[in-house]
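Notes follow the structure.
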Amino acid sequence: QSLTSFNNTVFTGHTYNKGCYMSFLDNGGSFINKISIADGHNIRGIATDGDLIVLAAGYDGILIYHWIDNSTVKYLGSIESGYANSVKFKNNHVYSATRDGLEIYKIER
């Protein structure tokens, strides 16, 4: 459903409630390991700044995770929104393309 990358990590968002996979690569591009987040959700969009991971989860709104290291990601919470199709994250603001239009949220950290 969606694909993005950050440094040596590739994020893939899946349908059928498969969530999001984070695949970690070494400097040569070889697979190291992967972890799964947002199990039980359909992920339509992914954004990250290397610290937070923001996921567009359709009817489930926007999911927010704290990326601690390459084996630990902590769920922080969700934002109720219109049907979230896509997300972008910049300067502590989440921009989401929803069925209702553009929605903007400020994240406090």
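The values are calculated or read from the model by the stated rules, or taken from the named source; none is laboratory data. Remember, it's a predicted structure, so these values are computed and weren't measured experimentally. Neighbour counts run over all protein chains shown; Cβ positions are idealised from the backbone, glycine included. Only protein heavy atoms, including side chains, enter the accessible area calculation; ligands, DNA and RNA are left aside. Shrake-Rupley method; radii C 1.70, N 1.55, O 1.52, S 1.80 Å.
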Within region 11-109, DSSP-loop chymotrypsin sites (Phe, Trp or Tyr not before Pro) with at most 12 other C-beta atoms within 10 Å are Tyr16, Tyr59
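In square nanometres, what is one fourth of the surface area of the convex hull spanned by the alpha carbons of region 28-109?
Values: hull surface 23.6 nm².
Quarter of the Cα hull surface area: 5.9 nm².
Using a 1.4 Å probe, what is the accessible area per residue for the chain, in Å²? Please report the intermediate quantities before stating the final value.
On the way: 6120 Å² over 109 residues.
That works out to 56 Å² for each residue.
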Bin width 5 Å, origin at 0, all Cα-Cα pairs of region 8-50: what percent of pairs per bin? 6, 24, 27, 21, 16, 6, 1
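Place a +1 charge on the Cβ of each Lys and Arg in region 58-102 and a -1 charge on the Cβ of each Asp and Glu, then give the dipole magnitude about the Cα centre in debye, rounded to the nearest 20. Could the numbers behind the result be given before it?
Values: 4 positive and 4 negative charges, 30 e Å.
Taking the Cα centre of region 58-102 as origin, the dipole is about 140 debye.
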Spin-label pair Tyr95/Tyr83, simplified geometry with 7 Å Cα→Cβ offset, distance in nm: 2.3
Qualifying GluC sites (Glu not before Pro) in region 54-109, DSSP loop, other Cβ atoms within 10 Å at most 14: Glu80, Glu108
Sort Leu52, Leu76, Leu102 by heavy-atom solvent-accessible area, probe 1.4 angstrom, most to least. Leu102, Leu76, Leu52
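Could you check how much of the accessible area of the chain is carbon and sulfur, as a whole percent, using a 1.4 Å probe? Spell out each step's value before the answer.
Working: 2820 of 6120 Å².
That share works out to 46 percent.
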Using the alpha-carbon centroid of each, what span in Å lies between region 72-109 and region 11-48? 18
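Assuming R0 = 35 Å, can you tell me the calculated FRET efficiency for the pair Ile104 and Asp26, based on Cβ-Cβ distance, to the nearest 0.05?
Numbers: r = 37 Å, r/R0 = 1.05.
With a Förster radius of 35 Å, E is 0.45.
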